[in-house]
Amino acid sequence: MRRARVAPPPRAADVAILGAGAAGIAAARRLLATGLSVVLIEARERVGGRALTARLAGQAVDIGAHWLHAAQENGLVEEARRLGLPLFDAPQEPRLVVGAREADAAETRAFHAGWSQLAEAIQEIGAKDDLAPASAALERLSPEAAAFAGTLAFAHGPFACGATLDSVGAADFAAARDDLDLFVAGGYGALVARLADGLPVALATRATRVDWSGREVRIETNRGDVHARALVVTVPVPVLARGDIVFDPPLPAGTRDALHALRPASYEHVILAWPGGPLREAANTTIAFDGDPADNLGLLANFDGGVLHYADLGGPLVGRLGSPAARADFVRESLAARFGREAVAGLRVLHASRWGEDPLSACAWMVAPPGAHGARAVLREPVGGRVLIAGEATSSTLWGTIGGAYAEGERAARDAATLVGGIAAGARIG
Ligand SMILES: Cc1cc2nc3c(=O)[nH]c(=O)nc-3n(C[C@H](O)[C@H](O)[C@H](O)COP(=O)(O)OP(=O)(O)OC[C@H]3O[C@@H](n4cnc5c(N)ncnc54)[C@H](O)[C@@H]3O)c2cc1C
């Protein structure tokens, strides 16, 4: 992975940005293009945040985000094309496995019909009723599809949202754009990191306090203070909500309420090498296992033309299992229970992710429970004419995605440029 330049933070810039994930990187690129000076303040020793590509078993593997969702409006698709990185189709609908066997034609038909029925019913309910949970749509499944209600609830809930359908507002689910998905050669994390090449990033620099009581913003970090005319905050919402960065004066009550109204979603990868397993012929295929939604996993088999699989866990199960090692054991035992112990003899766990346990992410992304979809828009409102919040959580339509974070970083940069332009004349900072 190519790295951004490691530099100590400059003392001042027109705009300071907290967090060098997709949103922070997008904001910095956009602000630099308008001629403003920028500093990106990043607590980790790398850029990319929840986008990270590693090499496992000789293959580029995304430890966080992997899918370029909503490709038609995802700005990263254009960036990948500009950089000459090949894009290829992601699987659209999952293949159903019942017990240890491939579903038959009737089961597959019922499952796929249920897949669309559920998504459409959530759209209809969400358009009318801000207070309804997405699970209200389960009642609308046809009798054939209802035979797979648990599997469908898992696929659209913990597997797609990182949360159960009763904890996600139908309005929030309905607002999320859902069209073509793509993968990018070399990994999504590597693409995001490349976009930070040459940006003025201060790595290993943790913001601890923001003083926005004066005309300027003063950011305290473990490596000294930074002064700026405006601040773009892209740190994950749970990090902000629990007060890891002290705001002086405190953020307005409306902003604080909105931070607390959104809920952290849990989603973790367990990355497997399973070359001789029963799914060895399923190239680049998502697998839905018929089963209990509270205890299920989703699989992306043989991704990127290799023999590795993502086994993905989401929702309350992630917390219940409690650790990456326990999640890896759960995956092995679930697959053994389904396919037999002999079938998993050659299965190796290469990595189990820990985004929820990581204090700098503390979630996979944020979901809005019933009644809370509007919190995303509240977070987009500028605070005090100089502080802007951006990230996946502030996107109403692409929440939970890199594409959403990137678009939100660009939006915050436009707002910051306007605010800085509007601030009383004086020598430019930085
Ligand atoms: C397992 C998993 C799978 C996912 N799959 C997909 C997928 O397939 N497709 C997709 O589009 N999205 C996916 N996502 C979601 C996606 O990764 C996020 O929506 C996106 O990366 C968020 O970007 P961001 O810029 O908002 O936040 P982040 O990437 O989290 O960036 C915020 C940055 O702030 C930094 N920070 C935190 N505290 C401080 C501080 N005090 N001072 C300075 N810096 C600080 C963090 O270190 C981090 O770098 C997945 C997420 C996970 C966890």
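Just a yes or no: is a residue in the range 41-62 over 22 Å from Gly400 (Cβ atoms), buried (at least 18 other Cβ atoms within 10 Å of the Cβ) and of a type in the set (Gly, Ala, Ser)? Yes, because at least one residue in the range 41-62 is over 22 Å from Gly400 (Cβ atoms), buried (at least 18 other Cβ atoms within 10 Å of the Cβ) and of a type in the set (Gly, Ala, Ser). The set of residues in the range 47-73 being under 18 Å from Phe88 (Cα atoms) and within 8 Å of the ligand (Cβ to nearest atom) consists of Asp62, Ala65, His66, Trp67, Leu68, His69.
Of all the listed residues (Val270, Val232, Val226, Val246), the sole one being more than 9 Å from the ligand (Cβ to nearest atom) and surrounded by fewer than 17 Cβ atoms within 10 Å (Cβ to Cβ) is Val246. Of the set (1) within 29 Å of Leu259 (Cα to Cα); (2) without any contact (Cβ under 8 Å) to a residue 60 or more places away in the chain; (3) over 19 Å from the mean Cα position of the chain (by Cα), all apply to Ala132 but (2).
Residue-by-condition table, conditions (1) crowded, with 18+ Cβ neighbours inside 10 Å; (2) out of contact with any Phe, Trp or Tyr (no Cβ under 7 Å at 6 or more places or on another chain); (3) assigned to a helix (DSSP H, G or I):
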site	(1), (2), (3)
Phe330	yes, yes, yes
Ala377	no, yes, yes
Ser396	yes, yes, no
Ala407	yes, yes, yes
Val420	yes, yes, yes
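In the set (1) outside any helix (DSSP H, G or I); (2) modelled with pLDDT under 95; (3) of a type outside the set (Gly, Ala, Ser), Asp312 fails one condition alone, (2). Checked against the criterion of being outside any helix (DSSP H, G or I), in the same structural domain as Val38 (by TED's automatic domain parsing) and either over 23 Å from Gly24 (Cβ atoms) or open to solvent by less than 20 Å² (accessible area, probe 1.4 Å) (or both), the range 188-197 has at least one qualifying residue. Just one of the listed residues (Ala364, Ala405, Ala372) is near the ligand (Cβ under 7 Å from one of its atoms) and either farther than 15 Å from Ala26 by Cα or more than 13 Å from the chain's Cα centre (by Cα) (or both), namely Ala364.
Mind checking which residues of the range 280-313 are open to solvent by 40 Å² or more (accessible area, probe 1.4 Å) and in contact with a strand residue (DSSP E or B) (Cβ under 6 Å, 6 or more places away or on another chain)? Hit for the range 280-313 is Asp290, nothing else. For the condition open to solvent by less than 30 Å² (accessible area, probe 1.4 Å) and closer than 21 Å to Leu299 by Cβ, Gly157 qualifies.
Counting only strands (runs of 3 or more DSSP E) that sit wholly inside the range 231-309, those with at least 3 residues that are within 23 Å of Ala110 (Cβ to Cβ) are 285-289, 298-301.
Among the residues of the range 249-260, the one identified as touching a residue at least 24 places away in the same chain (Cβ under 8 Å) and open to solvent by 60 Å² or more (accessible area, probe 1.4 Å) is Asp257.
The values are calculated or read from the model by the stated rules, or taken from the named source; none is laboratory data. Everything quoted here is computed from the prediction, not taken from an experiment. When we count neighbours, we look across all protein chains shown, and the Cβ atoms used for this are built from the backbone with ideal geometry, even at glycine. The protein model used for the area step is the full one, side chains on, heavy atoms only, and it has no ligands, DNA or RNA in it. Shrake-Rupley method; radii C 1.70, N 1.55, O 1.52, S 1.80 Å.
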